[in-house]
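Okay, so here's the structure we're looking at.
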Amino acid sequence: MDTAIIIITHGSRRNTFVEDMEGVAKYIEDKLQIPVYLSHNEFTEPNWRNLVSSLLEKGINKFIFALAFLGRGNHVAKDIMGSFGVNEFYKWEEAQYEGRKVKVYFTRPLADSPLVKLSLLYRISSAVRKDNYFNFLEDPEEIEENSMELSRQKVREITGKDGEELEIISRAVYASGNLEIARYIYISKDAIEMGVSALKSGVGILTDVKMVKAGLRWNAENYLDDAVELAKKLKITRTAAGIRIGLSKEPKIVVIGNSPTALVEAIKMHEEEGVEIPLIVATPPGFTNAVEAKEKLISTDIPCIVLRGNYGGSNIAVSIMNEIIRYARGKNG
């Protein structure tokens, strides 16, 4: 492989900083399943300059630099990008380094990411303790605990799951009346945490169809009625156009209960346009596109909860998302 992914931080003499950033690098490497190198601008090794030199010696001449800085200061503009004579983000460019031709690609620093802003907002607001800071809907708590307990017991026997994952799968089984789906629910490693954190930070929910929106115990958005013209223009389905409209505004949790094309559109916007999606819940049923779209989602880096195979339905998507909402409100979690 002639391409290297290099994370560059400011650097620090404190071991705790390096440990924190090593965790970030490992997370990205686990998600991408390719090597990710951590480096620093000053104070600690590996220094990115030395790392690039050593990789050049190994025949690597294409570099993706992930700038782990908050803003576009002198370290970004002069020390790093200036060393290559480039000044644009998200663009492959020809450059020179140590007299050798290289191709470089720089990600933007993090401060303009809505998810970074929302994460900081949530961490601050937890100290402020304003109970009504976010517009939470009332939770009716209509839980039939005896049926749920039976569902939990059966799901635990089938899957061996426990904790939050057990609750989510049990809710889906209870909503569908089909114990078999317990074998087909996929929950990515960070899906529950990302969903809860996003909701607490004020991230909205976007649905493919009105039925899903109506069933959620949270303010949700749906743009199906606004999507007619865009659907005609782009020659896509109305549900896909509705997802495009919603995700064009700001990052949102996406809940797909019915439409595989809406799921495909969300994945496309993430992969081709860099749209940030903290979580996708996907349970579209069917024999055309549904299985393929759900497996494609699982192969991406988007945190997700997916009902694999032909099984699916809006009621299952609602039950899963409502469980995430329950955790965000601090109940059963």
Can you tell which of Arg183, Arg217, Arg171 shows the greatest fluctuation in a Gaussian network model of the chain with Cα springs below 10 Å?
-> Arg183
Rounded to whole Å², per residue accessible area for the chain with a 1.4 Å probe reads 51
First compute the accessible area of segment 162-266 with a 1.4 Å probe, then give the percent of it belonging to carbon and sulfur atoms.
-> 50
Loop-resident sites, segment 231-333, for trypsin sites (Lys or Arg not before Pro), counting at most 15 other Cβ within 10 Å (DSSP) = Lys235, Lys249, Lys331
Considering only protein heavy atoms, what is the solvent-accessible area of Val318 at a probe of 1.4 Å, reported in Å² to the nearest 10?
-> 20
Using Cα-only point scatterers and the Debye equation, what is log10 of I(q)/I(0) for segment 218-333 at each q in 0.10, 0.12, 0.23 Å⁻¹, rounded to two decimals?
-> -0.28, -0.40, -1.40
Using the scaling law 2.2 N^0.38 Å as the reference, what is the normalised Cα Rg of the chain?
-> 1.11
Relative contact order, percent, of segment 144-191 when contacts are C-alpha pairs under 8 Å separated by at least 6 residues?
-> 36
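Can you pick out the pairs among Lys103/Lys249; Lys252/Lys294; Lys189/Lys210; Lys161/Lys210 whose Cα atoms lie more than 24 Å from each other? Numbers along the way, then the final one.
Working: Lys103/Lys249 33 Å; Lys252/Lys294 18 Å; Lys189/Lys210 29 Å; Lys161/Lys210 31 Å.
Beyond 24 Å: Lys103/Lys249; Lys189/Lys210; Lys161/Lys210.
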Magnitude of the Cβ-charge dipole (Lys and Arg +1, Asp and Glu -1) of the chain about the Cα centre, nearest 20 debye, reported as 520
With DSSP loop assignment and no more than 13 other C-beta atoms within 10 Å, the GluC sites (Glu not before Pro) in segment 139-216 are Glu141, Glu142, Glu144
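So for segment 252-332, averaging the separation of alpha carbon pairs under 8 Å that are six or more residues apart and normalising by length, what relative contact order in percent results?
Relative contact order of segment 252-332: 34 percent.
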Distribution of pairwise C-alpha distances over segment 1-89, 10 Å bins, in % | 16, 50, 32, 2
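The values are calculated or read from the model by the stated rules, or taken from the named source; none is laboratory data. What you are looking at is a predicted structure, and each value in this text was computed from that prediction instead of being measured. We place every Cβ from the backbone using ideal geometry, glycine too, and count neighbours over all the protein chains shown. Note: accessible area is taken over every heavy atom of the protein model, side chains too, but ligands, DNA and RNA are not part of it. Shrake-Rupley method; radii C 1.70, N 1.55, O 1.52, S 1.80 Å.
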